[in-house]
Amino acid sequence: MIQSKDLLGIKELSPEEIYHILDTASGFRDVLSRDIKKVPPLRGKTVVNLFFEPSTRTRISFELAAKRLSADVINFSVATSSVTKGETLKDTALTIKALGADFLVIRHSSAGVPHFLSRLLDVSIINAGDGSNEHPTQALLDLFTVLSSKKKIKGLVVAIIGDISHSRVARSCIYGFTKLGAHVRLICPPTLMPPDITNLGIEVFHNMEEGLKKADVIMTLRLQLERQSKGFLPSLEEYFYLYGLTQERMKLAKDDVIVMHPGPMNRGVEIESDVADGPHSVILDQVTNGLAVRMAVLYLLAGVKK
Ligand code: CP
């Protein structure tokens, strides 16, 4: 059972709630393999996508997930909205609520915005990424992808490489994988390691060769250059030399390792093209699974009493 009307982060979910979402997503993945992919549970409901930051995967898959569940969908475009005339986030949200929204899917550059909206409105708020804090549906689709591939999560060695400091995906995945019993290793330059994270039951490596040894899952992250001030890295070339995921380095992991990336990828910066497109890559499976997972989240939140 999902307890909250909102999905704000993985931090707030119990392992039982996570597995319930993943089980529900599994049912929707079967629905998506049928000729007729549309089902009625959200008929008469309205989902508003409110994205203050760019997105390809998350925004499109939330739109498609809502449509597959028969909801009406509004994609709010900040660039052509009254936000450009100075309207506040609070007034924008209250306006959308007054127009009858049932779900607000929010992405914002500031951490905590979904939590603010959750207190303000009695509609379901879904965090689609808040600053460097959390991106819960990305972690859920990552867990789903690993579970589909490996048939378990408990006991797996999951190596997460890159810009841990600025990555909401890393934070949500650390919560998710550790709650379900995986061994999480973080591999990053010392300058991209946040100080508050070592108490979450993870291991930290600053050397790729050590961190990748016998890994079951490798997740490499985009450098969040838009969130970094200068001085974290000498150059992108040096970053690739020290932390780029190459075919050579892949040999250190288990033979059946899977390679993940939340996207968007910077080929030649965090990952070699031959690895991104190679036989171990499940990067496009992650995208496909995101649709089933977001259907599950919308479906389950619709059943929670507001
Ligand atoms: N993974 C992810 O959030 O991608 P988008 O920014 O394209 O939504």
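The values are calculated or read from the model by the stated rules, or taken from the named source; none is laboratory data. The model shown is predicted, which means the values in this text are computed figures rather than measured ones. All Cβ positions, even for glycine, are placed from backbone atoms using ideal geometry, and neighbour counts span all protein chains on display.
Descriptive notes on the structure:
- When K45, K37, K85 are screened for being more than 23 Å from H135 (Cα to Cα) and either surrounded by 18 or more Cβ atoms within 10 Å (Cβ to Cβ) or within 16 Å of the ligand (Cβ to nearest atom) (or both), only K45 passes.
- Near pairs, Cβ below 9 angstrom, 6+ apart or cross-chain, from segment 148-173 (on the phi > 0 side of the Ramachandran plot) to any residue that is small (G, A, S) and part of a helix (DSSP H, G or I): G162/A170
- Tally of residues being in contact (Cβ under 8 Å) with a residue 12 or more places away in the chain and over 19 Å from the mean Cα position of the chain (by Cα) across segment 268-292: 7
- Among the residues making up segment 1-42, those that are under 24 Å from K305 (Cα atoms) and among the aliphatic types (A, V, I, L, M) are M1, I2, L7, L8, I10, L13, I18, I21, L22, A25, V39, L42.
- Filter result (under 25 Å from G244 (Cβ atoms) and among the charged types (D, E, K, R)) within segment 178-202: R185
- Residue in segment 242-267 that is farthest from the ligand (Cβ to nearest atom), counting only those that are under 22 Å from the mean Cα position of the chain (by Cα) and of a type in the set (G, A, S): G244
- Pick from segment 48-78, criterion assigned to a strand (DSSP E or B), within 16 Å of V123 (Cβ to Cβ) and at pLDDT 95 or above, ranking: nearest to the ligand (Cβ to nearest atom): N49
- The listed residue being surrounded by 19 or more Cβ atoms within 10 Å (Cβ to Cβ), within 18 Å of the chain's Cα centre (by Cα) and assigned to a strand (DSSP E or B), out of I218, I174: I218
- Only residues that are within 15 Å of the ligand (Cβ to nearest atom) and not in a strand (DSSP E or B) were counted in segment 268-297, giving 15.
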